[in-house]
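First comes the structure, then the notes that go with it.
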Amino acid sequence: MSHHDHDHHSHAGHDHIPRNERKIAIAAVLTGGFMLAELVGGLLSGSLALIADAGHMLTDFASLMLAWFAFRLARRPADWKRTYGFDRFSVLAAFVNGLSLFVIAAWIVWEAIQRLSHPVEVLGGTMLVIAVLGLLVNIVAFLVLTRGEGDNLNVRAAALHVAGDLLGSVAAIVAALVILATGWTPIDPILSVLVALIILRSAWKVVRESADILLEAAPHGFDRRDVATRLEALDGVETVTHIHAWSLTQERPMVTMEVTPSSDADPQTVKTTVKQHLRDMFHIEHATVEIIGPSHHPDRD
């Protein structure tokens, strides 16, 4: 006896795509629009903090456009070749954006070392004005990306880029104030390095989470040993084996398993109960459950 069935809510992860797409587009316009002004201000004032932040904003603009394109692509329907559609492209975009943050941080640290070895004149007044304007722009972009519900990994990666810019603007403001008050220019590269380290910490988390999804690791908080124990405690369930769980995107976890019902249980009822438990306890909408006869008793794997 074998019953094979699955729940597949194809639009479960698509509810926030148009909204997230708008968030990314607005942030991209704000970031790209101010990037040139900050670059010019950095060159005129001689501030590494501003130049580094402008370079960061340039990569942010590219990253935001990549994230926007990922959401646009995810709206395309599945086809015969890509039966899950294009949702995972957004995870790939998050992974690439996370890696780009490592490159940016390394460049900032390298430039800071060069500036500490060969100090240059910094115009604190010009630097302060540009940094304050940059802070305001970054605050608006960050609020646009983080407001509302949802925890999309692609939006989080984009928000981290903007947060790095925001921190860069704060560092530039502090450096400008110190330079205006004391004339001590090494504060500029020192604070740039501090921002780079903060960026690296956040970037590592995004890269790790997106890599887990791309490698089809189990969803966060899903331990198949615990899941088997919980399901086998349900009425009518004898054994649960061959549990495999992964995520198409952060919002779309999936699982397959084989369930052996008790000899006196109705297989269809057991299947329905297992799927409902997976929805209620683990928020898994897509579950493929195969009901097998009591005589099989396969080993766990």
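The values are calculated or read from the model by the stated rules, or taken from the named source; none is laboratory data. Please read all numbers here as calculations on a predicted model, not as lab measurements. A quick note on method: Cβ atoms are made from the backbone with ideal geometry, for glycine too, and the neighbour counts reach across all protein chains shown. Heads up: the accessible areas ignore ligands, DNA and RNA and are worked out on the full protein's heavy atoms, side chains in. Shrake-Rupley method; radii C 1.70, N 1.55, O 1.52, S 1.80 Å.
Within segment 233-251, the residues that satisfy the criterion of being farther than 25 Å from Ser210 by Cβ and either aromatic (Phe, Trp, Tyr) or surrounded by fewer than 20 Cβ atoms within 10 Å (Cβ to Cβ) (or both) are Ala233, Leu234, Asp235, Gly236, Glu238, Thr239, Thr241, His242. Checked against the criterion of being out of contact with any strand residue (DSSP E or B) (no Cβ under 8 Å at 6 or more places or on another chain) and either farther than 30 Å from Asn152 by Cβ or modelled with pLDDT under 90 (or both), segment 237-248 contains not a single residue that satisfies it. So, of the residues in segment 101-123 that are surrounded by 20 or more Cβ atoms within 10 Å (Cβ to Cβ) and not basic (Lys, Arg), which turns out to be farthest from the chain's Cα centre (by Cα)? By that ranking, first place goes to Val122. Within segment 214-232, being without any contact (Cβ under 8 Å) to a residue 24 or more places away in the chain, part of a helix (DSSP H, G or I) and surrounded by fewer than 16 Cβ atoms within 10 Å (Cβ to Cβ) holds for Arg225, Asp226, Thr229, Glu232.
Val162 satisfies every condition listed in (1) part of a helix (DSSP H, G or I); (2) free of Cβ contacts under 8 Å to residues at least 40 places away in the same chain except (2). Filtering Leu135, Leu73 for residues that are open to solvent by less than 50 Å² (accessible area, probe 1.4 Å), under 16 Å from Glu21 (Cβ atoms), assigned to a helix (DSSP H, G or I) and aliphatic (A, V, I, L, M) leaves a single hit, Leu73. The set of residues in segment 184-213 being of a type outside the set (A, V, I, L, M) and buried (at least 17 other Cβ atoms within 10 Å of the Cβ) consists of Thr185, Asp188, Pro189, Ser192, Ser202, Glu209, Ser210, Asp212. Is at least one residue of segment 252-271 crowded, with 20+ Cβ neighbours inside 10 Å and modelled with pLDDT under 90? For segment 252-271, residues crowded, with 20+ Cβ neighbours inside 10 Å and modelled with pLDDT under 90: present.
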